[in-house]
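Enquirer: Structure incoming, see below.
Read the figures in this text as sums done on the coordinates, not as results from a lab. From a predicted model like this one, the values you see are computed outputs, not experimental measurements. Using ideal geometry, Cβ is built from the backbone for each residue, glycine included, and neighbour counts are taken over all protein chains shown.
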Amino acid sequence: MLSIKNISKRFGDVHALKNVSLDLEPGLFGLLGPNGAGKSTLMRTLATLQKPDSGTVTLNGKDIVNHPNEMRSVLGYLPQDFGVYPKMSAKALLNHIAILKGMNNKSERETQIRALLEGVDLLTHSSANVATYSGGMRQRFGVAQAMLGNPQVLIVDEPTAGLDPFQRQRFLDLLQEAGEEKIIILSTHIIEDVRDMCPDMAIMGNGKVIARDAPENLIESVNGKVWRKKIDKSEIETIKADLPFLSSRYLMGGVIVSVLSDSNPGTGFERDDVKLEDAYFAHLNGLIHVTPSIAEMVEA
Amino acid sequence: MLKSLTKFELSYQTRQVGFWISFAAMFLLGLLSMSTDSFTAGEVGERIKANGSLTVASIIGGVSLGIIFFGTVFTVTGAMRDDIHKSLEIIHATKVETSDMIWSRLLGIILTVFLCVLGLLLGAFVGQFMPWVDKESLGPINPIYFLYPLILYGLLNSFIISTLYILIAGMTRNRTLVYISAVGFFVIITIVAALGGIDEYRSLAAMLDPTGGQALDNETRFWPPVEQNTRLIPLSGDVLWNRLLWVGVSCLGLFYAKRKFTRGIVNRKTKTPTSTPLVLGDSLPKIPHVTPALPNGAIGSRLWVRFKHEYFTTVRSIPFAILLLLALSFFTLIFLIRGQLNPQPLLLTSGQIMFLTQGSFNLFLLFMMIFFGGDIIWREQTSKITELVDSTPVSNWILLAGKWLAVIATIYTVLGLMLILALGTQAIFGVGQVKPIAMSGRFYLEMGMTLTFWAILIMFIQNFMPNRIVGMIVGGGALWAVLFGMPKLPFYHSLMSFGNVSPGSFSEMNGYRTGGIISMWRFLIYWLGFAGIMATLSFWLWRRGTEVKLPKRLSGISKQIRWPSALLATVSVIAFLGMGANIFRVTNIENTFYTDKKAEKRLVEIEKTFKALSKTPLPKIRSVNVDVNIYPSRQDARFKGQYVIENTLGKPLTDLWIDMPISHDEDIHLMALAGAKRIEDTELLKKAKELELSMRLYRFEPALPPGGTTTLDFDVYYHPPKFGDGSPINKKANFLNHSRLPQLGIQYVEMRNPDKRRKYNLGLREKRPDRTDKDARNRHFISASSDFVDFKANFCTDAGQIPIAPGKFIRETMPEDGRFCREYEAINPILNFFSFVSAPFETKTDIWENPNGDDVKLTIYYHDDHPFNIDSMMTAMQTSMDVFTETFGPYQYAQARIMEVPYVGFAQAFAGTIPFSENLGFIRDIEEGEDKVDFMTYVTAHELGHQWFAHQIVPADTKGFNVLSEGLTENATMTAYEKIKGYPMTRRMREIRGRDYLSGRASDKNPEPPLALSEEQQYIFYSKASMVFWGLRHLMEPGEMNLALKGFIEDYGSKGAPFPTTVELIDALRDAAPEELQQFITDSWDEITLWESSFGDDIKLTSQSSGKYTVTATLNLAKKYADPDTGEETDAENLDEFVEVGFYKEDPSNSWEETPILIKRLRLTDAKTDVSFEMDEKPGYIVFDPRALLIERKYDDNIRSINTKLASAE
């Protein structure tokens, strides 16, 4: 079990993590939040690339802040943005990282590298320099290196950014496949990724965990309370000011607004099917206060 | 728009850290150059002012070359920052005019570079007002001296250098190549400077040098102080052409470069593999399971993979290839032109090849360390792969060790290549034994370890740096400080010579000194300790992860400390401090350690205390009988013997000071002056002890009457330092002299530097006594306590070596096992001046038939691996003996021998016995050719010449004494050299002497006396004397001048007191010279005279019907007298000069025929004289003063080709 207790982190004036606590069991865990919410800081802290100012992180009871190797030896990490050594082929770089990860047996290492390259569909380009890869290819390479050495903990920071729909699907399949007995933390702002894959998730905003539950529970919490209406662009400020506003999007010349309400908030609003997105905005915009049960779960 | 964009560029550039580091460094260098004597350019002082026109120009032209390195950084910032920060697409899509955008960038770079030069200038200007500045070293403050070179050199060089980098940036789009090109630039300047050292390539070098330094030197190198202080750099000649050429080239380059900076994204030729379409529905491959090793496991393979990666990335990189290629081409170039670089190159023996290889690679190894040391530490950050690597379970120490080992392996790779190169070169082109072991020792141990320590320092510094470029600048600065800055600190100690494990001087005869090897191992441990400390600190400060700001890492140190690193730190600290203490004990406690400052102050104190006493007249040693035992195997020696001393003072002698050869009292087993007892506990003796002078005072009771004799018996053990490079006793070759024996009187050395004397209130330096001083005429230049002595020596050494002292060889004995002795006795009294040489020599013997008496045995004792020039040297000996005997009179000894000696760079003439440096003659490459010189022959002739001039003519201890020994010997040498080598090679030697004189007088801190009164200035008593004798010898009838010198020897040679001075010499010359040459003698000896001769523009050649040719020309002649203090020149009132005009077929610059078409002597009395000459052959060149009889600053215009259209007289 990966247990995060009351960690905080400041960068100068920016309070990137405020007293964050989470307990994670094996399985896919989704981390949703807008830019600047603290997701990447949390991920880097878990990947032992940064240390929290306060609080503890333990993996199966072992302190990984002061003993980072406890984490690193079981970790697969795909950072949000990464570079590679110039003039090094995918195969060579994977081999390099595999040895650093401690995969000492040459034939085991080679078999696994081959399987991974196949898995991310880079086998045909495995001798080309990674530095010359296109964005998508490089991202797939990142996935492969993260999965080297059968990590127990897999931390992937916005892994599907830059992938086309096919590649995205392939990646998610890989994750699913791997996710049985691993702790997998998937940070993203693509809400559908979480919805499709993660039995458990948290929403982060402003350095805090705002909500944490299974996606369907989060959806359930707003079920029947989401109302939408097509309005004129000029009305939007009034609605934002007067109603529990969730989100808006342009649609063919008009604007569709969503609000959260137990009852019909006004003429023209229609109750609609609820999506995870609505729950996300409901929590992010502070329209749902964390219920005691969730709070308890977080504390536990 | 351009204006505001340029303003933006400048403000952007000046916001960078790199700019401020560069600016501050330049400012500081300027300040130090102007205000401190350690950093001044050239011989700055009271005579040559620090803020004089030429000194300021040299600072701006020379020190400003730091912009070669800084300029690359600004160029990358200015021209390539969009590429680096990936903002190209944003910036280039704005609506700014393309040309404005590019021009502003380029202007920004040039102006930023110029700002740094301005920093230098500001520093130099402000330096004038620093409180510590020596006021006498400053002339009146004149802003023009600063502003003029700022424009001519500062601004133009900023423009030229920036343009080059801009061009490279534009053409390659690769910032690493821009950085590396700085090295290339530096190499070009170094090569050009080397080329400029060869006279015939000076003008070419001046044009090739983009920075104009060579041109400046060409135009100003013979300027006397007054001109250096007040004359602006001439905007003519080489300087003008150089500036025009390079500004022109740069303008073209800039326009070309501007076209290379197109807008938008540059198409790069990189292959992006195209993604294959995915086939959905494929089943996912099963990822096999593996069990990784624990974080602390698999250390070997983790370290190996890191090391391999770092190492191969480095040695396969383009910068490595470029630097290596540059080094190789530099080596090849130096190898090819070394014949020209040195008038007479050394043979390629193993030692010389070693120096050649080391010399050509050193600089590049330094650059490699600075560049790769920085690059490797930041590699993960540069490639942005940090997060991938740092989240793997690999220990910090493995990452660190991988990098350190890779850099060290890179160094050793280069050293390995050097070794192969050196051995190969010697095998193919060299001579002598190939010595792979000795060479590996030098390359791998000495160079390798020192470079390793430096590389570690550079990588260590990167721990504290915000980025690699700043780190490289600071690292380069640190190396500069270690190599050049720190040694100038007043408290400098060898313990501060970072990473230096050099065992010191190397000799092919002896290898390193044993003490040097001992100190090498200790320093190695000492610096290893320091490296260990840096290693642990680097480990604790390792940048791991994404949060790596220095304060964060510093505050996290305590958490990094675990027992292995703590243990390493402890062991390292113990090694460093322990070995440091050990070395300190040897250098500072067992021996006295003097910093430069402390040594200076001691000298001052000694001078103040003992100067008056040192002038006390001394009794004279009449005979010396010594038993010398040296033990090369255990490196010590024993000197036992007796002096017979006579009171020649004409009055009773009571007190006699004796200077001990050894400071340890317990090693002086006997020091007994008959009839005198040792006085102790006087104030002066206490003072002497404080000053670490080992002097004793003896008092005769009763006083020694005038004419009375006494004896000094002594027995002294000599234990030379066992640590360091100082011992004259070595396992193989040994060279000691009379300073190991007790000396009568107080010995002290006067401080020479006039500026230091002023600083310590020592008053002006006391010159040698006047030539009329009676006391001074009663003692000679070698010693005040002896004239000539009877000499007997029994000299023993280890068996296998030959012991050699002055005197005739009497017998050899083997008194006990393992010892070998020779007895020597001088057949005539000799100077109290001996050498003791012992080594396992080979010998070459010959007999010289003495027309005046017994045959003389000539012997050369030489190192068995140096047989190359022995035959030529013997010929030189034979011919010199013939020439000198015939010209100057009989030889006075039973033998003449030359012994090869290690480490020193000179040859020295003892009575019939000449220690001769191995490098000076034995391994010179004797090439034949009329433009060559042969130092082997020259020096051999010179030292034999001293047997007449120094050992027969012994000058009195007065002004001008050196002219009688060295000056007259120069004349003798030239006479013999001409006999052996012919006129053209001797004429070439005259040319070299002329250059030495002119550049010597341009950089002298002391006033320049006329020749007759010369003091310690070698450029006068060697070079000027050589020229003056040469001139007079050729102006007088052949043989007449040397005949006068023969008479001079007959009158004054081997006569004892009073000893001769230049007064008697000049009288002898005047007596022999005709009336019309008397003024020439006055001009040569009593004045500082410089002639200026040249041709008028119009030189006409006509052919006569008789088949003869006529040349008409105008001769311009001036004669100037220079002021001894300032060098200021004033025209002589009257002209009545003998000059020569010569006609040659070919350009004679490289080969001066003795008898060309015509050499005509003329007597000129006017500044302009129209002349015409008639000759039988058609001349190609006309030369004013072809035999160089006059001393002249500008000789170039004396040679003119006669290429005017041939006019027919009909």
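Enquirer: How tilted is helix A:106-119 with respect to the longest principal axis of chain A? Cα atoms for both, answer in degrees (0 to 90, nearest 10).
Expert: 30
Enquirer: To continue, here is another question. Please give the calculated 222 nm ellipticity per residue for the protein assembly as shown, where each DSSP H segment of at least 4 residues contributes -39500 (n - 2.57) and the sum is spread over every residue; nearest 500 deg cm²/dmol? Walk me through the numbers before you get to the answer.
Expert: Working: 49 runs with 637 residues, N = 1510.
Result for the protein assembly as shown, helices only: -13500 deg cm²/dmol.
Enquirer: Turning to a different aspect of this structure: Enumerate the residues in region A:39-58 having an amide nitrogen under 16 Å from the point lying 7 Å beyond the Cα of A:N19 toward its Cβ.
Expert: Once the point is set 7 Å along Cα→Cβ of A:N19, A:53-56 turn out to lie under 16 Å by backbone N, inside region A:39-58.
Enquirer: For B:R221 and B:E1050, compute 0.36 nm times the residue count separating them, minus their Cα-Cα distance, and round to one decimal in nm.
Expert: 294.2 nm
Enquirer: Let me know the number of lysine pairs in region B:2-260 closer than 24 Å at the Cα, not counting same-chain pairs under 8 apart.
Expert: Taking region B:2-260 as the scope, the lysine pair count is 13.
Enquirer: Which residue fluctuates the most in chain A, going by a Gaussian network model with Cα springs under 10 Å, if the choices are A:T111, A:T56, A:T238?
Expert: Maximum fluctuation in the GNM of chain A, among the listed residues, is at A:T238.
Enquirer: Straight-line reach from A:K230: which aspartates and glutamates fall under 15 Å, measuring Cα to Cα and dropping same-chain residues less than 8 apart?
Expert: Candidates past the 8-residue exclusion: A:E270, A:D272.
Enquirer: Which residues' amide hydrogens lie under 5 Å from the amide hydrogen of B:I621, considering only partners 5 or more residues apart or on another chain, with H built in the peptide plane?
Expert: The list, which skips near neighbours in sequence, is B:E646, B:S786, B:D787.
Enquirer: Once both labels are modelled 7 Å past Cα along the beta-carbon direction, what's the B:L568-B:T682 spacing in nm?
Expert: 6.3
Enquirer: Using a 4.7 Å Cβ cut-off, which Cys residues in the protein assembly as shown lack a partner cysteine?
Expert: Cysteines lacking a close Cβ partner in the protein assembly as shown: A:C198, B:C116, B:C251.
Enquirer: Moving on to the next point. Give me a comma-separated list of calculated 3J(HN,Hα) values for region B:426-432, in order, Karplus coefficients 6.51, -1.76, 1.60 applied at θ = phi - 60°, integers in Hz, x for any Gly or Pro.
Expert: Calculated HN-Hα couplings, in order: 5, 4, 8, 10, x, 10, x Hz.
Enquirer: List, in the order given, every pair from B:K687/B:K767; B:K488/B:K1120; A:K101/B:K552; B:K615/B:K1005; B:K640/B:K687; B:K403/B:K559 whose Cα-Cα distance in the structure shown is over 32 Å. Could you put the intermediate results ahead of the total?
Expert: On the way: B:K687/B:K767 26 Å; B:K488/B:K1120 40 Å; A:K101/B:K552 26 Å; B:K615/B:K1005 26 Å; B:K640/B:K687 28 Å; B:K403/B:K559 23 Å.
Table pairs above 32 Å Cα-Cα are B:K488/B:K1120.
Enquirer: For the peptides B:223-233, B:114-124, B:585-595, A:190-200, what is the packing order when you average, over each peptide's residues, the other Cβ atoms within 10 Å and list the highest mean first?
Expert: Result, highest mean first: B:114-124, B:223-233, A:190-200, B:585-595.
Enquirer: Same structure, new question: When the label point is put 7 Å from the Cα of B:R15 along its Cα-to-beta-carbon vector, which residues of region B:106-132 have a backbone N closer than 13 Å?
Expert: none
Enquirer: Ok, one more. Work out the mean other chain Cβ neighbour count within 10 Å for the residues of A:67-79 and drop it here as an integer.
Expert: Details: counts 1, 6, 7, 2, 2, 7, 9, 2, 3, 2, 5, 3, 8.
Mean inter-chain Cβ contacts per residue within 10 Å come to 4.
Enquirer: Something else now. What residues of region B:894-936 lie in the reach of a label at B:I1159, counting those whose backbone N is under 20 Å from a point 7 Å from the Cα along Cα→Cβ?
Expert: B:929-934
Enquirer: Highest mean first, how do B:814-826, B:896-908 rank when packing is the count of other Cβ atoms within 10 Å averaged over residues?
Expert: So the peptides B:814-826, B:896-908, ranked by packing, come out B:896-908, B:814-826.
Enquirer: Show log10 I(q)/I(0) for the protein assembly as shown at q = 0.04, 0.08 Å⁻¹, two decimals, from a solvent-free Debye sum over equal Cα scatterers.
Expert: -0.39, -1.15
Enquirer: Roughly how many whole Å is it from the C-alpha centroid of region B:20-75 to that of region B:313-387?
Expert: 27
Enquirer: Need the full-extension length gain, B:D854 to B:N467, defined as separation in residues times 0.36 nm minus the C-alpha distance. One decimal, nm.
Expert: Answer, rounded to one decimal: 131.3 nm.
Enquirer: Length gain on complete extension for the stretch B:K759 to B:H493, per 0.36 nm per residue less the alpha carbon to alpha carbon distance? Write down the numbers at each step before the final one.
Expert: Details: separation 266, 0.36 × 266 = 95.76 nm, distance 2.36 nm.
That works out to 93.4 nm of additional length.
Enquirer: Under a Cβ-Cβ cut-off of 9 Å, what is the net charge of the residues other than B:D1125 that fall near it, where Lys and Arg count +1 and Asp and Glu count -1?
Expert: Local charge sum for B:D1125: -2.
Enquirer: Report relative contact order for region B:1088-1210 in percent, whole number only (criteria: Cα-Cα under 8 Å, sequence separation at least 6). Provide the component values of the computation, followed by the final result.
Expert: Working: 266 pairs, mean separation 43.0, N = 123.
Reported relative contact order: 35 percent.
Enquirer: Calculate the translational D of region B:16-64 in whole µm² s⁻¹ from Stokes-Einstein, where the hydrodynamic radius comes from the Kirkwood formula applied to all Cα pairs, the temperature is 20 °C and the viscosity 1.002 mPa s.
Expert: Working: Rh = 11.3 Å.
In µm²/s, the coefficient rounds to 190.
Enquirer: Could you identify which residue out of A:N105, A:N264, A:N35 has the top mean-square fluctuation in a GNM of chain A using Cα springs shorter than 10 Å?
Expert: Result: A:N105 has the largest fluctuation of those listed.
Enquirer: Mind checking B:235-244 for the average number of partner chain beta-carbons within 10 Å of each residue's beta-carbon? Walk me through the numbers before you get to the answer.
Expert: Details: counts 0, 0, 0, 0, 0, 0, 0, 0, 0, 0.
Taking the mean over all residues of the peptide, I get 0.
Enquirer: Also, I was wondering about something else. Bin by bin, in steps of 10 Å, what percent of the Cα pairs in region B:372-491 do you find, going until the bin that has the longest distance?
Expert: Answer for region B:372-491: a P(r) of 12, 31, 28, 19, 8, 1 percent.
Enquirer: Explain nothing, just the number: relative contact order of region B:2-260, from Cα pairs under 8 Å at least 6 residues apart, as a whole percent. The partial results should precede the final answer.
Expert: Working: 380 pairs, mean separation 71.6, N = 259.
Once divided by the residue count of region B:2-260, the mean separation gives 28 percent.
Enquirer: Calculate, axis by axis, the spread of Cα positions in chain B along the three principal axes, and write the results as whole Å, longest axis first.
Expert: The Cα atoms of chain B stretch 119, 92, 59 Å along the principal axes, largest first.
Enquirer: Here is a further query. Could you run the Debye sum over the Cα atoms of region A:224-273, one equal point scatterer each and no solvent, and tell me log10 of I(q)/I(0) at q = 0.15 Å⁻¹, two decimals?
Expert: With one equal scatterer per Cα and no solvent, log10 I(q)/I(0) is -0.32.
Enquirer: Also, quick follow-up: Within 10 Å of each Cβ in peptide A:82-88, how many partner chain Cβ atoms are there on average? Round it to a whole number, please.
Expert: 6
Enquirer: Neighbour counts of other C-beta atoms within 10 Å: give me B:K932, B:K1119 arranged from fewest to most. List each step's numbers first, then the result.
Expert: Numbers: B:K932 17, B:K1119 23.
Ascending Cβ contact count within 10 Å gives the list B:K932, B:K1119.
Enquirer: Excluding B:H664 itself, calculate the net charge of residues whose Cβ lies under 15 Å from the Cβ of B:H664, where each Lys or Arg counts +1 and each Asp or Glu counts -1. Spell out each step's value before the answer.
Expert: Working: positive: B:R638, B:K689, B:R696, B:K722, B:R740; negative: B:E590, B:D636, B:D659, B:D665, B:E666, B:D667, B:E692, B:D715.
Charge balance in the 15 Å sphere: -3.
Enquirer: Kindly give Rg over Rh for region A:1-41, based on alpha-carbon atoms, with the Kirkwood expression for the hydrodynamic radius.
Expert: Values: Rg = 11.5 Å, Rh = 11.4 Å.
Using Cα coordinates only, the ratio equals 1.01.
Enquirer: Rounded to the nearest 0.05, what FRET efficiency is calculated for B:V434 and B:L333 with R0 set to 22 Å and r the Cβ-Cβ distance? Don't jump to the answer; show the numbers that get you there.
Expert: On the way: r = 23 Å, r/R0 = 1.06.
For B:V434 and B:L333, the calculated efficiency is 0.40.
Enquirer: Can you compute 3J(HN,Hα) from phi for each residue in region B:301-306, using the Karplus curve 6.51 cos²θ - 1.76 cosθ + 1.60 with θ = phi - 60°, rounded to whole Hz and x for Gly and Pro?
Expert: 6, 5, 5, 4, 5, 5
Enquirer: Any lysines with Cα under 22 Å of the B:K1046 Cα? List them, leaving off those in the same chain fewer than 8 positions away.
Expert: B:K979, B:K1024, B:K1055
Enquirer: Determine, from the Cβ-Cβ distance of B:C251 and B:F8 and an R0 of 41 Å, the FRET efficiency 1/(1 + (r/R0)^6), rounded to the nearest 0.05.
Expert: Values: r = 24 Å, r/R0 = 0.59.
Working from the Cβ atoms, E equals 0.95.
Enquirer: Rounded to the nearest 0.05, what FRET efficiency do B:I662 and A:T124 have when you use their Cβ-Cβ distance and R0 = 60 Å? If you can, show how the numbers build up before the last one.
Expert: On the way: r = 83 Å, r/R0 = 1.39.
Result of the calculation: an efficiency of 0.10.
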